[in-house]
Protein chains: 4
Amino acid sequence: MTTPDTPPAANPAANPAASDWWRSAIIEMRPGMIRFRGYAIEELIGRVSFAQMVWLMTRGELPSEAQARLLEAALVAAVDHGPQAPSIAIARMAATCGVGLNNAMASALNVLGDVHGGAGEQAVAMYGAIAARIDGGMPQAAAVAGGLDEAIERYGKFVPGFGHRFHPVDPRAPRLLALVDEAARDGVVSGRFAAMVRALEDELAARKKGRRIPLNIDGATAVIHAELGFPAPLARGLFCLSRSVGILAHAWEQTQQGGRNKGPLPRDLLWTYDGPAARPVPGA
Amino acid sequence: MTTPDTPPAANPAANPAASDWWRSAIIEMRPGMIRFRGYAIEELIGRVSFAQMVWLMTRGELPSEAQARLLEAALVAAVDHGPQAPSIAIARMAATCGVGLNNAMASALNVLGDVHGGAGEQAVAMYGAIAARIDGGMPQAAAVAGGLDEAIERYGKFVPGFGHRFHPVDPRAPRLLALVDEAARDGVVSGRFAAMVRALEDELAARKKGRRIPLNIDGATAVIHAELGFPAPLARGLFCLSRSVGILAHAWEQTQQGGRNKGPLPRDLLWTYDGPAARPVPGA
Amino acid sequence: MTTPDTPPAANPAANPAASDWWRSAIIEMRPGMIRFRGYAIEELIGRVSFAQMVWLMTRGELPSEAQARLLEAALVAAVDHGPQAPSIAIARMAATCGVGLNNAMASALNVLGDVHGGAGEQAVAMYGAIAARIDGGMPQAAAVAGGLDEAIERYGKFVPGFGHRFHPVDPRAPRLLALVDEAARDGVVSGRFAAMVRALEDELAARKKGRRIPLNIDGATAVIHAELGFPAPLARGLFCLSRSVGILAHAWEQTQQGGRNKGPLPRDLLWTYDGPAARPVPGA
Amino acid sequence: MTTPDTPPAANPAANPAASDWWRSAIIEMRPGMIRFRGYAIEELIGRVSFAQMVWLMTRGELPSEAQARLLEAALVAAVDHGPQAPSIAIARMAATCGVGLNNAMASALNVLGDVHGGAGEQAVAMYGAIAARIDGGMPQAAAVAGGLDEAIERYGKFVPGFGHRFHPVDPRAPRLLALVDEAARDGVVSGRFAAMVRALEDELAARKKGRRIPLNIDGATAVIHAELGFPAPLARGLFCLSRSVGILAHAWEQTQQGGRNKGPLPRDLLWTYDGPAARPVPGA
């Protein structure tokens, strides 16, 4: 590799230990060459979709087009939920503070934690635990009930993937489930997790005297992620990629609208103060 | 909207001023309804690609499939440049510090600033300035030379979009330019910016006594962004969406490899200290 | 308050619900007036130390000067551990990417998570659990042993607060413990946690056949935080305030040294690639 | 250094090039030894104040106690401005999203950009430019007028350091200026910048027909930073250290209050939608 044609770079022999400190199976590079998981980037460009690229980079292999389309549906579905979502509000406020779009995006992305963006990951984990029980021989009904018990114990009344404080029925969930059903009919996925969430919805309703707590966006994208074999933590990363689109769009829109140091409420409002009454500093 | 069927939500009449504080043309929401730029989310899911969704959310309209494929090529091309890129290194180190994937992604995304991720934005701006001159009547050669002068004055020797400290020829650029040529032949784009960067390369080479400083990934994706009409700052946001894929992949891989509090260099190395010699604290 | 002299602001009567959405006991504000926990800011400035201010803002009351000095010692002790610490490395790399100092600081601060900055919080929690047992009647030796068992089960072999992969003896710990001893002698704190960590060190050594695993910076600052009554999660916040100083100093120094897009290793190094061999993209 | 007593670490001879990649005058480390700018950490702990430590780490030398107290006043003054400041709002919202305190702090700190936290840096730069003119022989009045002209041209109507959209008189500024006056009387600082801002206030008032636009927190802390010789960008870093205290306090308070995914406005509010009317997706 160190030939007269190559620039003075990339000579692992010079520092064996240091060249071994970072190790990756994702990208190989030489001057003039970039390969992702073995595929030359110039061959991937214009031939694979963004969703196929996401899969290749995170999982190591190229998915079929049908698998990629299902992942893509999940990526499209979760892009935004409006300026009352903390991530979106943060993106918009940050955009008025004189930082770059990348910074506004970062501040927002950063809060997709256990409560704001983690429900998808938690749902995938819950589905996986139920599936493991079924694979171990437990009947589906018992496995579903047990999984629900575990989730309620762990997360409280907000079972990840179900219910929504704003939408009686989350408009994104039925459509995503229908796409999974199609993919299952085509043999692209097994459909086991689509069946599972329907059983979970029934079980939840039974426990709430018939009041249905329908699948929400996190539960629905989690079905797709589970059907496609994405590990639970990686599902959170995929949600982040998706939500980044809305984060970018809102940050960009806010820069176009203007505003400086925009706080959460209109300027004529403050907050409720419930601290100590005025008192003097000792010695002042 | 406040009917017996809807939950107690979304009543702008209650707080007119506060409901007007945040304003968006991106998303409309009612309980059970989410529309993006007028399109119901359940109709978009499974019908539009991720790239079409990115375009719709940031620009306001759905692009044609051909336009979206060109954008998608740019999104695929820039996903990663390996663990020696600061953004990727940061993602990997963060992943060993006991934070969530969303946090590792955010710390990394945050540094795609003027020097690390801003070259695409700067290139789009440069192309736009040259185009404005040409549209105002200046011959292309003069407009190109003038744009180059301006860029060198503003950015120094690193003209955004050209040259690469690692790749003699950036393997991503010719492929992207070829896709633009195809799209121009099909009438999807004008091709004016592809022509412009070829002229810029020639002009740069002429100034360096024939030594070519070829188009790099930032300059090539900038051609696509400019051809498709994306404003310069938004181009940086698109680069962020793309690079987020590599950031996620590397953060995820690092969590699988393990490691705790992984620093930039192997453990047996420190840094060069060039500060004051040992001295006592007064009074110690 | 809405008098002719005040600008049109701060009129909670206009939007009662919205003014009640954010509630704080920390700060009260009117045009021309800012009070923190009841104290006018202009009386605090120049009369209270930074450490007293940190305490007032987070705990609600002004500490004595002696209490504040002990907190200050902990804040001084943890400011930095050099460019091989991920937080510091990230700050330095970020500073070469064309972002503001605030952004470099944020990317770095963000990774003070469970593994990189959480040990202090975990140690405070461990001390608190042991103290609760002792207060419930358990003899110290049993409580200490039980607390250690719990910690080992929860965190593995890295008991928070003890041992250091670089320092045989962390030079910061004995000095901090000595200050706690002084403060205990002066009646400023009880000294119960200083006694506790000595017992923990003895117990750890007994389990490792006499090989001492000494208190480290996290364990030592945790003693101070526990003695002063700071809850465990807040202890992580205090560590963040402290480490922010080193983060700022290193980011600033790096901007003065220069560098562009500085990666973790010298330029002539890459990483070890252990992924698939070169393969063609289907259809390319 | 590689003696039988030291662990296998810190052997620069093994990798000279890699050990030279990161260079710092801030911290020197060997197993068992940590020195900051030459001072052993165990000697600094309990002997220097937090403000002295901030100075030492960023500037390289220990300041006098009087210098440190003036810096400390500035650090105390800027800690917080309530939940309507974007940085504080972001900290509070983030704290309801299931991320760590360090993450909530980072998202907030990140937005102290040119508009939200940069005014202090801009004011220091403005003062420095005026001082340079005076040192070059220009009379103060002309230098002040010229500096004001430059600032108005660069920043628009918001001259950094003057005026406040909420406070007719910022309660923090007169007190800080009084402390500078004291310090000047004691010979700790020259007082030239205190005189300068009074001249700037007079000049601004003259231009606004006698309507005073008083010094604000950014302008006042900038006087202190300039008097003490801190470069302008570092002044932004100091503001970040200060504001981090309020950021931490509010994030912590919010975790104690509870709340999940708290958006900027009360739940019964949305935002104003001003985008396209409902329309069908082609092909749906």
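The values are calculated or read from the model by the stated rules, or taken from the named source; none is laboratory data. Everything numeric here is computed off the predicted structure, so don't read it as measured data. Because the Cβ atoms are built from the backbone with ideal geometry, glycine has one as well, and the counts that use them run over all protein chains shown. Side chains are part of the model used for accessible areas, which takes the heavy atoms of the whole protein and leaves out ligands, DNA and RNA. Shrake-Rupley method; radii C 1.70, N 1.55, O 1.52, S 1.80 Å.
Which pairs break 25 Å Cα to Cα here: B:Lys262/C:Lys209; B:Lys157/D:Lys157; A:Lys262/D:Lys157? Don't skip to the end; give the middle numbers.
Numbers: B:Lys262/C:Lys209 30 Å; B:Lys157/D:Lys157 34 Å; A:Lys262/D:Lys157 17 Å.
Checking Cα-Cα distances, B:Lys262/C:Lys209; B:Lys157/D:Lys157 exceed 25 Å.
Assume the label is 7 Å from Cα along Cα to beta carbon: what separations in nm does C:Ala205 have to the matching positions in the other copies?
6.6, 6.9, 7.4
Determine ³J(HN,Hα), in whole Hz, for all residues of the stretch D:261-274 in sequence, where each value follows from phi through the Karplus function 6.51 cos²θ - 1.76 cosθ + 1.60 and θ = phi - 60°; x replaces Gly and Pro.
Along the stretch D:261-274, the couplings run 6, 6, x, x, 10, x, 4, 7, 10, 10, 9, 7, 9, 10 Hz.
Indicate the gyration tensor shape class of the stretch C:7-147 (rounded, prolate or oblate), computed on the Cα atoms with a ≥ b ≥ c the square roots of the eigenvalues: a/c under 1.5 is rounded; otherwise a/b larger than b/c is prolate and the rest oblate.
On the way: a/c = 1.93, a/b = 1.26, b/c = 1.54.
Oblate, since a/c reaches 1.5 and b/c is not below a/b.
Rg to Rh ratio, chain A, alpha-carbon atoms and Kirkwood radius? Don't skip to the end; give the middle numbers.
Values: Rg = 23.9 Å, Rh = 22.1 Å.
On the Cα set of chain A, Rg over Rh gives 1.08.
Hey, for C:Ser64 with labels 7 Å out along Cα-Cβ, what do the inter-copy distances come to in nm, ordered shortest first?
Nearest to farthest, the other copies are at 3.2, 7.5, 8.0 nm.
Rounded to the nearest 20 Debye, what is the dipole magnitude of the protein assembly as shown about its Cα centre when Lys and Arg each give +1 and Asp and Glu each give -1 at the C-beta?
That gives the protein assembly as shown a dipole magnitude of about 0 debye.
How many partner chain Cβ atoms sit within 10 Å of a residue's Cβ in peptide C:170-178, on average, as a whole number?
So the per-residue partner count for this stretch is 4.
Between the stretch A:172-191 and the stretch D:261-284, what is the separation of their alpha carbon centroids in Å?
Centre-to-centre distance over Cα atoms comes out at 27 Å.
Inverting the mean 1/r over all pairs of different Cα atoms, compute the Kirkwood radius of the protein assembly as shown and quote it in Å.
Answer for the protein assembly as shown: a Kirkwood hydrodynamic radius of 30.8 Å.
Average the reciprocal distances over every distinct pair of alpha-carbons in the stretch D:15-92, invert the result, and give the Kirkwood radius in Å.
15.2
Take peptide A:154-166, look around each residue's Cβ out to 10 angstrom, count Cβ atoms belonging to other protein chains, and average those counts.
Per residue, the average neighbour count from other chains is 2.
Could you compute how much accessible surface B:Ile217 exposes when probed at 1.4 Å, giving the result in Å² to the nearest 10?
Rounded to the nearest 10, that gives 10 Å².
What whole-number distance in Å separates the alpha-carbon centres of the stretch B:202-259 and the stretch D:228-259?
Cα centres, the stretch B:202-259 to the stretch D:228-259: 34 Å.
Per-residue counts of other Cβ atoms within 10 Å, averaged by peptide: what ranking do you get for B:206-214, B:248-256, A:86-94, highest first?
With the highest mean Cβ count within 10 Å placed first, the list reads A:86-94, B:248-256, B:206-214.
What are the aspartates and glutamates whose alpha-carbon lies under 18 Å from the alpha-carbon of B:Lys208, with same-chain residues fewer than 8 places away excluded?
Partners found: B:Asp149, B:Glu150, B:Glu153.
Out of every Cα pair in the stretch C:62-119, what percent are spaced more than 16 Å from each other?
Summing the P(r) tail past 16 Å for the stretch C:62-119 gives 54 percent.
What average count of beta carbons from other chains do you get within 10 Å of the Cβ of residues in A:130-137? Mind showing how you got there, number by number?
On the way: counts 0, 0, 0, 0, 0, 0, 0, 0.
Counting other chains' Cβ atoms within 10 Å and averaging over A:130-137 gives 0.
How much net charge surrounds A:Phe230 when only the other residues with a Cβ under 11 Å from the Cβ of A:Phe230 are counted, with Lys and Arg +1 and Asp and Glu -1?
Details: positive: A:Arg59, A:Arg236; negative: A:Glu121, A:Glu227.
Value of the local net charge: 0.
Mind ranking B:106-113, A:43-50, D:273-280 by how tightly packed they are, going by the mean number of other C-beta atoms within 10 angstrom, highest first?
Ranking the peptides B:106-113, A:43-50, D:273-280 by packing returns B:106-113, A:43-50, D:273-280.
Restricting to DSSP loop positions (anything but H, G, I, E, B) with no more than 14 other Cβ atoms inside 10 Å of their own Cβ, which trypsin sites (Lys or Arg not before Pro) remain in the stretch C:137-182?
Counting only loop positions with at most 14 other Cβ atoms within 10 Å, the trypsin sites (Lys or Arg not before Pro) in the stretch C:137-182 are C:Lys157, C:Arg165.
Given the DSSP H assignment, sum -39500 (n - 2.57) over each helix run of at least 4 residues in chain A and divide by its residue total; what's the result at 222 nm in deg cm²/dmol, nearest 500?
Working: 12 runs with 149 residues, N = 284.
So the calculated ellipticity at 222 nm is -16500 deg cm²/dmol.
Can you pull the Kirkwood radius for the stretch D:132-206, inverse mean 1/r over Cα pairs, to one decimal in Å?
The answer is 13.7 Å.
Going by the alpha-carbon gyration tensor, a ≥ b ≥ c the square roots of its eigenvalues, is the stretch A:162-273 rounded (a/c under 1.5) or, if a/c is not under 1.5, prolate (a/b greater than b/c) versus oblate?
On the way: a/c = 3.05, a/b = 1.68, b/c = 1.82.
Because a/c hits 1.5 or more and a/b fails to exceed b/c, the stretch A:162-273 counts as oblate.
For C:Gly146, what is the net charge nearby, where nearby means another residue's Cβ is under 11 Å from its Cβ and Lys, Arg count +1, Asp, Glu -1?
Every neighbour counted, the sum reads -3.
Over chain B, what is the relative contact order in percent, taking alpha-carbon pairs closer than 8 angstrom and at least six residues apart?
So the answer I get is 24 percent.
Which loop-located GluC sites (Glu not before Pro) does the stretch A:71-150 contain, where loop means any DSSP state but H, G, I, E or B and the Cβ has at most 13 other Cβ atoms within 10 Å? Numbers along the way, then the final one.
Working: sites: A:Glu72, A:Glu121, A:Glu150; in loops: none.
Here no GluC sites (Glu not before Pro) fit, given the DSSP loop and packing criteria.
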